[in-house]
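*Asks:* First, the structure itself, so that you have it in front of you.
The values are calculated or read from the model by the stated rules, or taken from the named source; none is laboratory data. Predicted, not measured: the structure shown is a model, and the values here were computed from it. Every residue, glycine as well, gets a Cβ built from its backbone with ideal geometry; the counts of neighbours run over all protein chains shown. Surface accessibility is based on the protein's heavy atoms, side chains included, excluding ligands, DNA and RNA. Shrake-Rupley method; radii C 1.70, N 1.55, O 1.52, S 1.80 Å.
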Amino acid sequence: MQNTDGNPVLVLDSGLGGLSVLRHIQHYAPGAGCVYYGDTAFAPYGSKTTEEIRNRVLSISERLVKAYRPRALVWACNTATSAAIQEVRREFPDIPVIGTEPALKPAVEQMCMQHMKGRILVMATPVTLRETKFQNLLRQYEKTAPIDLLPAPELVRIIESCRDIQRRAEEYLLTLKPSLKGGYSLVVLGCTHFPVVKEAIRNVFGRDVRFCDGGDGVARRLIQLVPDLTREQKQEPIQFLCSSSDPENHFPEKCRMILELLAGDKNE
Ligand code: DGL
């Protein structure tokens, strides 16, 4: 096994969504060096075929592992995880590889333990919801709590545009609402982009809805696998990189804006 001490953790997503996971990593390991990579040239993943996503996830992982020799590889993307995490693990047996999946288990446990009434709504990309990984999870819990699924791919585009996010997200969600049963007390954010639009979700599904997302669990798993990260003193600021070659993309600025938006949600 190669010595990767002091090397960065690689956090990847199709674009800006993985920042909702990065902030949990920063919470547990504020001094850990990280490279954040958004595959913006290929985004959104959620409307591609599984094979396209798998090939892309493998080639991006390969290129970046070669370039950074990371301490750990965090795919902060539910869609990439459902399409390719096993293949990524197989490809890099010497590196801890952490994926992200919809936090349905904690949501159902919370419903049961707190005797909550109402239904659970799982929001994710169409790929995540149709893939075997999530379908197996659903089969495990669908008899314990009432669960509805909402594919919401357009939210990813709205968030990636960084323009008028909450208003456009709310308008879009209002078009989806009539097809749903309603009465949701818990919303599972099964796409790492969606914590950015919690405010719009509250406005559409009720101010009292509670949220479950996988970010905290991913960060804990990372710390469990690489405990030294909590003791590290970061040498460099986080690098925000993307695959789009367009300089007008302003990726680092967009990342900072989204991180501020996420930090500004006082109702967490
Ligand atoms: N952020 C990603 C996820 O968690 C997907 C966004 C996309 O469709 O590219 O699923």
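*Asks:* For the stretch 184-247, state which trypsin sites (Lys or Arg not before Pro) are in a DSSP loop and have at most 16 other beta carbons lying within 10 Å of their beta carbon.
*Replies:* ARG207, LYS234
*Asks:* Another one. Using alpha carbons only, what's the Rg to Rh ratio of the stretch 202-268 with Rh from Kirkwood? The partial results should precede the final answer.
*Replies:* Details: Rg = 16.5 Å, Rh = 15.6 Å.
So for the stretch 202-268, dividing Rg by the Kirkwood Rh gives 1.06.
*Asks:* Choose one of GLY6, HIS27, LEU58: the residue whose Cα lies farthest towards the positive end of the charge dipole of the stretch 1-154 (beta-carbon charges +1 Lys, Arg; -1 Asp, Glu; about the Cα centre).
*Replies:* HIS27
*Asks:* Could you check how much of the accessible area of the stretch 121-268 is carbon and sulfur, as a whole percent, using a 1.4 Å probe?
*Replies:* On the stretch 121-268, the fraction of accessible area on carbon and sulfur atoms equals 49 percent.
*Asks:* What ranking, highest mean first, results for peptides 140-153, 236-249 when packing means the other Cβ atoms within 10 Å averaged over each residue?
*Replies:* For the peptides 140-153, 236-249, the packing ranking is 140-153, 236-249.
*Asks:* Cα atoms only, the chain: Rg and Dmax in Å?
*Replies:* 17.8, 54
*Asks:* Now a separate question. Peptides 177-186, 27-36: what's the order by average Cβ count within 10 Å, highest mean first?
*Replies:* Top to bottom by mean Cβ count within 10 Å: 27-36, 177-186.
*Asks:* Explain nothing, just compute: Karplus ³J(HN,Hα) = 6.51 cos²θ - 1.76 cosθ + 1.60, θ = phi - 60°, for every residue of the stretch 167-176 in order, whole Hz, x for Gly and Pro.
*Replies:* Coupling constants for the stretch 167-176: 5, 5, 5, 5, 4, 5, 5, 5, 6, 8 Hz.
*Asks:* Sort the stretch 1-146 into rounded, prolate or oblate with this rule: let a ≥ b ≥ c be the square roots of the eigenvalues of the Cα gyration tensor; rounded if a/c is under 1.5, and if a/c is not under 1.5, prolate when a/b is larger than b/c, oblate otherwise.
*Replies:* It comes out prolate by the Cα gyration axes.
*Asks:* Between LEU180 and ASN203, 0.36 nm times their residue separation minus their Cα-Cα distance comes to what?
*Replies:* 6.7 nm
*Asks:* Quick one: dipole size for the stretch 1-69, taken about the Cα centre, charges +1 on Lys/Arg Cβ and -1 on Asp/Glu Cβ, in debye to the nearest 20.
*Replies:* Roughly 60 debye, rounded to the nearest 20.
*Asks:* Can I ask one more? What shape does the stretch 165-250 take by its C-alpha gyration tensor, where a ≥ b ≥ c are the square roots of the eigenvalues and a/c under 1.5 counts as rounded, a/b above b/c as prolate, and the rest as oblate?
*Replies:* Oblate.
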